[in-house]
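> Encoded as structure tokens, here's the structure I'll be asking about.
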Amino acid sequence: MKIEIPDRKKLVFEMQIPIRWGDMDAMNHVNNTTYFRYQETCRIDWMQSIGCKPDTQGEGPVIVNAFCNFYKQLEYPGQVLMKMYVSDPERTTFETWGTMERSDQPGVIYAAGGATTIWVDFPNQKAKTLPDWMRLIVS
């Protein structure tokens, strides 16, 4: 199943991530699981940059699903240019999207993925309405 990234989305963050030798697998390309790590790294760095620090005794974001479409093989050495987007805020959720390019080949998408993020009251383990400050950012 292939999930397409929507045309309507908001760019909120960019970063470069080095491709490490250890990211490679026996087939001499970046292992599929590493693409999810790249997305996670970008999502966490973005959240920290906007002051979103989850509190295990309070509330914060949780990923409820994630996917990645692989278009071209990333290989060592190089830098991944991760671009992070958001869209579709609902009462308790919003979508995050990420594209992965090589820094030395701007505009060529090697992989793209996303995740649904839900705002949670951690002690009660229940969904909670997105805070107004987060809704402003993801709208």
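> Where the centre of each part is set by its Cα atoms, how far does the stretch 17-60 sit from the stretch 62-107, in angstrom?
10 Å
> I've got another one for you. Could you calculate the contour length gain from Gln125 to Gln16, that is, 0.36 nm times the residue separation minus the distance between their Cα atoms, to one decimal place in nm? Don't skip to the answer; put the middle values down first.
Values: separation 109, 0.36 × 109 = 39.24 nm, distance 3.39 nm.
Net length gain for the segment: 35.9 nm.
> Quick one: length gained pulling Asn69 to Asp45 fully straight, 0.36 nm per residue minus the C-alpha distance? If you can, show how the numbers build up before the last one.
On the way: separation 24, 0.36 × 24 = 8.64 nm, distance 2.17 nm.
Full extension from Asn69 to Asp45 adds 6.5 nm.
> Could you check the simple spin-label distance between Asp132 and Val62, using points 7 Å along Cα→Cβ, in nm with one decimal?
2.6 nm
> Could I ask something else about it? Using only the alpha-carbon atoms of the stretch 23-120 as identical scatterers, what base-10 log of I(q)/I(0) does the Debye formula give at q = 0.14, 0.15, 0.16 Å⁻¹?
Each listed q maps to, in turn, -0.56, -0.63, -0.70.
> Between Tyr76 and Ile118, how high is the FRET efficiency from 1/(1 + (r/R0)^6) when r is the Cβ-Cβ distance and R₀ = 30 Å? Nearest 0.05.
Numbers: r = 35 Å, r/R0 = 1.16.
Efficiency for this residue pair is about 0.30.
> What is the stretch 63-134 by shape, rounded, prolate or oblate, if you read a ≥ b ≥ c off the alpha carbon gyration tensor as root eigenvalues and call it rounded for a/c under 1.5, prolate for a/b larger than b/c, and oblate otherwise?
Working: a/c = 3.17, a/b = 2.63, b/c = 1.20.
Here the stretch 63-134 falls in the prolate category.
> OK, next. To the nearest 500 deg cm²/dmol, what mean residue ellipticity at 222 nm is calculated for the chain from DSSP H runs of n ≥ 4 alone, each contributing -39,500 (n - 2.57), summed and divided by the residues?
Details: 2 runs with 25 residues, N = 139.
Taking each H run of at least 4 residues, the total per residue is -5500 deg cm²/dmol.
> Let me ask something additional. Tell me the volume per residue, in Å³, of the convex hull enclosing the alpha carbons of the stretch 45-87.
Values: hull volume 6.0 nm³, N = 43.
Residue-normalised Cα hull volume stands at 140 Å³.
> Which whole-Hz couplings ³J(HN,Hα) result when phi for each residue of the stretch 104-121 is put into the Karplus expression 6.51 cos²θ - 1.76 cosθ + 1.60, θ = phi - 60°, listed in order with x for Gly and Pro?
Listing the rounded values in order: 8, 9, x, x, 9, 7, 8, 7, 8, x, x, 7, 8, 10, 10, 8, 10, 8 Hz.
> Could I ask something else about it? By the scheme Lys and Arg +1, Asp and Glu -1, what is the net charge of all other residues having a beta-carbon under 15 Å from that of Asp25? Walk me through the intermediate numbers first.
Numbers: positive: Arg20, Arg37; negative: Asp23, Glu75.
In short, 0.
> OK, next. Once the Cβ-Cβ distance between Ala26 and Lys53 is put in as r, and R0 is 25 Å, what FRET efficiency do you end up with, to the nearest 0.05? Could you put the intermediate results ahead of the total?
Numbers: r = 38 Å, r/R0 = 1.53.
That pair, Ala26 with Lys53, gives E of 0.05.
> Follow-up question, since we're still on this one. Counting other Cβ atoms within 10 Å, keep those with at most 15, restrict to DSSP loop, and tell me which trypsin sites (Lys or Arg not before Pro) in the stretch 18-52 are left. All intermediate terms of the calculation are to be shown ahead of the outcome.
Values: sites: Arg20, Arg37, Arg43; in loops: Arg20.
Sparse-neighbourhood loop trypsin sites (Lys or Arg not before Pro): Arg20.
Bear in mind these aren't lab numbers, they're just calculated from the coordinates by the rules spelled out. Quantities reported herein were computed from a predicted structural model and do not represent experimental measurements. Positions of Cβ are generated from backbone atoms using ideal geometry, with glycine treated the same way; all protein chains shown enter the neighbour counts.
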